[in-house]
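A quick write-up on the structure given underneath.
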Amino acid sequence: MIRPPAFLHLMPINVVWFKRDLRIRDHAPLFEAAKEKDPLILLYLVEPERLAQPDTDPTHIEWELDCATELDKSLETIGGSLHIVYSNVIDCLSKINDEYRINKIFSHQETGTSWSYERDRRVKEWCNEEGVPWKEFPSNGVIRGLMNRDHWKGLRDKRMLKSPIPPPDSIESIPALEVKPTIDSMGLTPRKLTQRPIPGENAALETLDSFLNSRGESYRWRMSSPAEASHHCSRLSPYFSTGCLSIRSALWKTNQRKAALGESNIGKKSKSSWVKSLSSFQSRLAWHCHFIQKLEQEPTLDSIAMNVDLDSRMHREFDENIFHAWATGNTGWPFFDACMRQLISTGWINFRMRAMIMSVSSYTLWLPWRDSGLHLARLFLDYEPGIHWSQVGMQSGTTGINSIRAYSIHKQGLDHDPNGDFIKSWVPSLKNVPTEFIHQPWKMPLVTQNESGCVIGRDYPSPMLDESKSRREGVARAYSARRNEKSRETSKKVYEKHGSRKNRRRRKPIRTDDTLQTKLF
């Protein structure tokens, strides 16, 4: 409970409610609240209701608390103090309003699943009942209130081209006196991550700088390989998900870096590589907003497919044994298992492999998309609902407006880990398998299995099934469902609401033969 000294009782205050925006730079609610004459309560909540949501994992909460602790340190430099409170929001606001008198609430708009959408509706009702103005500010490039995508890109680009908002020079805030919640006090047990990033806004800025000035030159060509992407990708996604860094700040610094490159004396080849990679990075920053906009316009994407009719015609079935093997990286397909085990261990894997993991669940194993999506949501340290559930829909083929993407595990392994070094780093039982068998170790002669210390079925699982055959069958079933007239009509409505308006050359339908897959995936 936030309890004021006696002389402050019923003193008017303003509340800045930090949600997934744990920073002081480019933070409109904080900047605007600092202009007001009333002192501030700077509030961050760990909400018990959220802990009960099926997409929430203790690992998320531990990361957010660590980032909130770093935010508190940043706020202290300008006179602030962050109240980190374990409470549902309306209970907390009611207590603050009883003990002080809330004049205004400042926050960013939040684009989340139906749970956070309904929570914010309840907060709005409470504010109306109590006569408390709630000033919400746009978040990144998401545009609230759009019915379709006709004007989204122009509105998003206009906002993103503005200069980031500086932090306030100083603020007057009520000191945080309550005991802050901890992982232990809430009874949570997060998994211990390897290669865990340093939390907080300052670490986010350092990570961005290292990408823009050293790691990012080969980004465009290295981001598809899970081993190389670990270094050459920006690695900013955990910071974006908690709002330690805004998209606009990242875009602004990227534009500054590109301008500096134009005036630099580095070699022509290096300059060209940098510009191409940074342009690709800028495109992905735009995609970040593009996908979250889908959830903004349809907050039930975590529970209801975009194309409900198409989803219902696929008749996917949950199989506990198949799901467990997929979820734990014990399928018997080395490259897939290595990717899943890296994700479990670090909370991160590159974008292409995320797509492959979901594709394998959806087509090769024919598992229901929501079960797989929830499992991955809990694994990702950088879980961003708008991007995640939009991608789950795309990779499971339940949007009706995207090409079917059925990834060949064998081909992906040969493309991105030809010698099996990545496989061996994450699947130790395969470390002595000869390179010629590393992608299909079940083809090793028994004598070779014994010599390498990897007997299939004992030291490493046999393949769950014929991956190529099962994938083809899954794709055929998906196409069959898509041919239904009602599904096609629903797809048209989905496109009208969510489809990109950017002109793109028409893609040919994706086939499932391995020759064409080699060209595409």
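The values are calculated or read from the model by the stated rules, or taken from the named source; none is laboratory data. The model shown is predicted, which means the values in this text are computed figures rather than measured ones. Cβ: placed from backbone, ideal geometry, glycine included. Neighbour counts: every protein chain shown. Heads up: the accessible areas ignore ligands, DNA and RNA and are worked out on the full protein's heavy atoms, side chains in. Shrake-Rupley method; radii C 1.70, N 1.55, O 1.52, S 1.80 Å.
Selection of region 191-206 for residues being within 19 Å of residue 260 (Cα to Cα) and either open to solvent by 40 Å² or more (accessible area, probe 1.4 Å) or not aliphatic (A, V, I, L, M) (or both) yields only 206. Could you list, in sequence order, all residues of region 358-379 that are under 15 Å from the mean Cα position of the chain (by Cα), among the hydrophobic types (A, V, I, L, M, F, W, C) and open to solvent by less than 10 Å² (accessible area, probe 1.4 Å)? Matches in region 358-379: 358, 376, 377.
Considered as a group, the residues in region 393-418 that are assigned to a loop (DSSP other than H, G, I, E, B) and among the β-branched types (Val, Ile, Thr) include one that is surrounded by the most Cβ atoms within 10 Å (Cβ to Cβ), and that residue is 398. Residue 278: modelled with pLDDT of 95 or more, assigned to a helix (DSSP H, G or I) and crowded, with 20+ Cβ neighbours inside 10 Å, yes or no? When the stated conditions are applied, residue 278 passes them. From the list 449, 517, the lone residue that is open to solvent by less than 90 Å² (accessible area, probe 1.4 Å), modelled with pLDDT of 90 or more and either more than 31 Å from the chain's Cα centre (by Cα) or of a type outside the set (Gly, Ala, Ser) (or both) is 449.
In this structure, is residue 257 touching a helix residue (DSSP H, G or I) at 6+ places or on another chain (Cβ under 7 Å) and in a helix (DSSP H, G or I)? Here the answer is yes, as residue 257 does meet what is asked.
Considering each residue of region 353-375 in turn, at least one proves to be touching a residue at least 60 places away in the same chain (Cβ under 8 Å), under 18 Å from residue 421 (Cα atoms), assigned to a helix (DSSP H, G or I) and touching a Ser or Thr at 6+ places or on another chain (Cβ under 9 Å).
Of the residues in region 282-298, at least one is modelled with pLDDT of 95 or more, of a type in the set (S, T, N, Q) and under 20 Å from residue 218 (Cβ atoms).
Of all residue pairs spaced 6 or more apart or on separate chains, those with beta-carbon atoms under 6 Å, a first member in region 404-432 that is closer than 22 Å to residue 223 by Cβ and a second member that is open to solvent by less than 50 Å² (accessible area, probe 1.4 Å) and at pLDDT below 95 are 407/521; 408/517; 411/517. Restricting attention to region 27-43, the residues being open to solvent by less than 10 Å² (accessible area, probe 1.4 Å) and touching a Leu at 6+ places or on another chain (Cβ under 9 Å) number 6. Residues in region 309-332 that are part of a helix (DSSP H, G or I), open to solvent by 60 Å² or more (accessible area, probe 1.4 Å) and either among the charged types (D, E, K, R) or at pLDDT below 95 (or both): 313, 320. Against the list (1) in a helix (DSSP H, G or I); (2) under 29 Å from residue 413 (Cα atoms), the condition residue 234 fails is (1).
Screening 70, 32 for residues that are in a helix (DSSP H, G or I) and touching an Asp or Glu at 6+ places or on another chain (Cβ under 8 Å) leaves exactly one candidate, 70.
For region 240-254, check the following and say yes or no: at least one residue is more than 18 Å from the chain's Cα centre (by Cα) and over 29 Å from residue 112 (Cβ atoms). The answer is no; no qualifying residue exists. Exactly one residue out of 466, 459 is within 22 Å of residue 337 (Cα to Cα) and in contact with a Leu (Cβ under 9 Å, 6 or more places away or on another chain): that is 459. Scanning region 436-445 turns up one or more residues that are over 22 Å from residue 365 (Cα atoms), in a helix (DSSP H, G or I) and open to solvent by 40 Å² or more (accessible area, probe 1.4 Å). Taking residue 340 as the residue in question, decide whether it is farther than 15 Å from residue 478 by Cβ, within 20 Å of the chain's Cα centre (by Cα), in a helix (DSSP H, G or I) and without any contact (Cβ under 8 Å) to a residue 40 or more places away in the chain. Judged against the criteria, residue 340 is a match.
Residue 469 versus (1) out of contact with any Phe, Trp or Tyr (no Cβ under 9 Å at 6 or more places or on another chain); (2) modelled with pLDDT under 95; (3) open to solvent by 60 Å² or more (accessible area, probe 1.4 Å): which is the lone unmet condition? All conditions are met except number (2).
Checking each residue in region 287-308 for being in a helix (DSSP H, G or I) and crowded, with 17+ Cβ neighbours inside 10 Å picks out 288, 289, 290, 291, 292, 293, 294, 295, 296, 297.
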